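Undergrad: Structure below; questions to follow.
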Amino acid sequence: MKNILFIMPKLESGGAERVLVNIINHLDRDIFNISLLLFSSSSLIDTIRDDIEIYTLNIKSTLKGLPLLLKKIYILKPDIIFSGIGNLNLYLSIFIPIVKLFLPKTIFIARQASILTLNNSRERSPKLYEWLYKRVYKNYDRVICQSLYMQKDLIENYSFPKDKSVVINNPIDIESLENLSKDKIDYPFSSDYVRLIHIGQLRYEKRQDLLLKAFSKLDSRYSLTIIGDGAERENLESLASKLNISNRVTFLGHKKNPYSYLKEADIFLLTSEYEGFPNVLLEANLFGLIVVSFNSIGGVSEIIQNRKNGILVSQGDIDAFATTIENIDIKSFNRGKIIEDTKGKYNIDLIIKRYQKNIIKDKL
């Protein structure tokens, strides 16, 4: 049995965090003894299985918590270290050669949860981050990417060795989501409308402003439900009022369980500038929804098969986005086939086997 230590800054409700929880909860206990180290306590801790040992450093800053992290790694002496997100992956990669002086057999694996070129451009010191990624990220024994786009970015722009990277798509816990979708909701999804839905954090890069502008071009046959919260909510509600669509747009805020709402909708909409490999599209397809999405940077085009489970529209073209929605004949899409294909490609048992194969490749 191999001792594997997962490391995350915290576990909140983001996509990367939920994927890591799924991986931790479903790994084979006959192969792995699993523990989790967090920098600070988190809302998703109660979703972690009881047999997982959880350590908390009680430090909010990832950078300031590194000395304590390295000390804990030395004490625990895991066979495998799995780092799960963003800057933590980078900071840890700097110290891998030092750790391996004391723990030479320990394997270091990172899960790449973002498109590096985009993330680095938004850092305070983008040139420094670019320099670091090009020089120290290759210290990992393996990097698992969510999408082909993400892997290509890593290899071509950061000279990461191809043989040390692998693409494993995000899993969906089908049984869990289907059970959650059975919860009753007190919300008037009316069959008088074509029911459009969007789920996501209300942040600028998600471009819900374009979503509202496109929706304003649709007539009164359509309603739009937006689930999520964030810094842009007030601006978006104001925009909806200016566009005279407030009577057909509902902002529900954050919902811990959005799946009952998702199941009742007809079409899922996505207007992001970029997406790594959006779980929400997999979840929409799991419930048979058609997706209309901008063909944004990242993994969206790896999920959507045109006219089978959705339609891609040129990035930022709100006229085409609205026209695409208007031209959809919902009955022409085979919802049963959408559900079947989604379960076949992204079911958690299949994805976990791929993770296990790549985690233990150097260990057995």
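Please treat every number below as a calculation from the coordinates, not as lab data. Since the model is a prediction, treat every value here as computed from it, not as a measurement. Glycine also receives a Cβ, built like all others from the backbone with ideal geometry; neighbour counts cover every protein chain displayed.
Undergrad: Once the mean 1/r over all distinct Cα pairs of segment 224-364 is inverted, what Kirkwood radius in angstroms do you read off? If you can, show how the numbers build up before the last one.
TA: Values: mean 1/r = 0.0594 Å⁻¹.
16.8 Å is the Kirkwood radius here.
Undergrad: Ok, one more. Considering only DSSP beta bridges with both partners in segment 175-346, what is the antiparallel share in %, to the nearest 5?
TA: Values: 0 of 23 bridges.
The antiparallel fraction comes to roughly 0 percent.
Undergrad: Sticking with the crude label model, points 7 Å out along Cα→Cβ, report the distance from Asn257 to Asp192 in nm, one decimal please.
TA: Going from the Asn257 label point to the Asp192 one covers 2.9 nm.
Undergrad: Between segment 253-321 and segment 166-223, what is the C-alpha centre distance in whole Å?
TA: Cα centres, segment 253-321 to segment 166-223: 8 Å.
Undergrad: I've got another one for you. By how many nm would the segment from Lys77 to Lys343 grow when fully extended, if each residue of separation counts as 0.36 nm and the alpha-carbon distance is taken off? Write down the numbers at each step before the final one.
TA: On the way: separation 266, 0.36 × 266 = 95.76 nm, distance 3.73 nm.
Here the answer is 92.0 nm.
Undergrad: Now for a separate question. Below 19 Å, Cα to Cα, which aspartates and glutamates can Lys213 reach? Residues fewer than 8 away in the same chain don't count.
TA: Glu205, Asp229, Glu232, Glu234, Glu237, Glu273, Asp317, Asp319, Glu326
Undergrad: Just list whichever of Lys77/Lys134; Lys182/Lys337; Lys100/Lys164; Lys105/Lys162; Lys64/Lys162 have alpha carbons separated by over 25 Å in the model shown.
TA: Where the Cα-Cα span goes over 25 Å, the pairs concerned are Lys77/Lys134; Lys64/Lys162.
Undergrad: Ordered by packing density, taken as the mean number of other Cβ atoms within 10 Å over each peptide's residues, highest first, how do 318-327, 157-166, 18-27 rank?
TA: Values: 318-327: 16.9, 157-166: 15.0, 18-27: 20.9.
Averaged packing, sorted descending, gives the order 18-27, 318-327, 157-166.
Undergrad: Straight-line reach from Lys206: which lysines have a Cα under 23 Å away, not including same-chain ones fewer than 8 places off?
TA: Those lysines meeting the cut-off are Lys10, Lys152, Lys217, Lys242, Lys255, Lys256, Lys263.
Undergrad: Given 25 °C and 0.890 mPa s, how large is the Stokes-Einstein diffusion coefficient of segment 296-364 in µm²/s, with Rh as the Kirkwood radius over Cα pairs? If you can, show how the numbers build up before the last one.
TA: On the way: Rh = 14.9 Å.
It comes out at roughly 165 µm²/s.
Undergrad: Which value at 222 nm does the chain reach when only helices count, each DSSP H run of 4 or more adding -39,500 (n - 2.57), with the total divided by all residues and rounded to the nearest 500 deg cm²/dmol? It would help to have the intermediate numbers written out before the result.
TA: Details: 15 runs with 145 residues, N = 364.
The helix contribution divided over the chain gives -11500 deg cm²/dmol.
Undergrad: Now for a different question. Can you compute 3J(HN,Hα) from phi for each residue in segment 273-288, using the Karplus curve 6.51 cos²θ - 1.76 cosθ + 1.60 with θ = phi - 60°, rounded to whole Hz and x for Gly and Pro?
TA: Whole-Hz 3J(HN,Hα) from phi for segment 273-288: 6, 7, 8, x, 7, x, 4, 4, 5, 4, 5, 4, 5, 4, 9, x.
Undergrad: Label-point separation (nm) for Ile45 and Glu175, each offset 7 Å from Cα along Cα-to-Cβ?
TA: 2.7
Undergrad: What would the Debye formula give as log10 I(q)/I(0) at q = 0.26, 0.27, 0.30 Å⁻¹ for the alpha-carbon point model of segment 71-115, no solvent?
TA: Listed by q, the Debye log ratios stand at -0.97, -1.03, -1.19.
Undergrad: Also, I was wondering about something else. Per-residue counts of other Cβ atoms within 10 Å, averaged by peptide: what ranking do you get for 190-202, 235-247, highest first?
TA: Numbers: 190-202: 18.2, 235-247: 14.8.
Result, highest mean Cβ count within 10 Å first: 190-202, 235-247.
Undergrad: If you take the alpha carbon radius of gyration of the chain and divide it by 2.2 N^0.38 Å, what ratio comes out, to two decimals? Don't skip to the end; give the middle numbers.
TA: Numbers: Rg = 21.3 Å, N = 364, 2.2 N^0.38 = 20.7 Å.
It is 1.03.
Undergrad: Which whole-Hz couplings ³J(HN,Hα) result when phi for each residue of segment 72-89 is put into the Karplus expression 6.51 cos²θ - 1.76 cosθ + 1.60, θ = phi - 60°, listed in order with x for Gly and Pro?
TA: 5, 4, 5, 5, 6, 6, x, 6, 9, 10, 10, 9, x, 6, x, 5, 4, 4
Undergrad: Now, a different point. Tell me the Rg and the Dmax, in Å, that the Cα atoms of segment 1-141 produce.
TA: 14.7, 44
Undergrad: Give me the percent of Cα-Cα pairs in segment 137-251 that sit more than 22 Å apart, rounded to a whole number. Provide the component values of the computation, followed by the final result.
TA: Values: 3711 of 6555 pairs.
Everything past 22 Å amounts to 57 percent.
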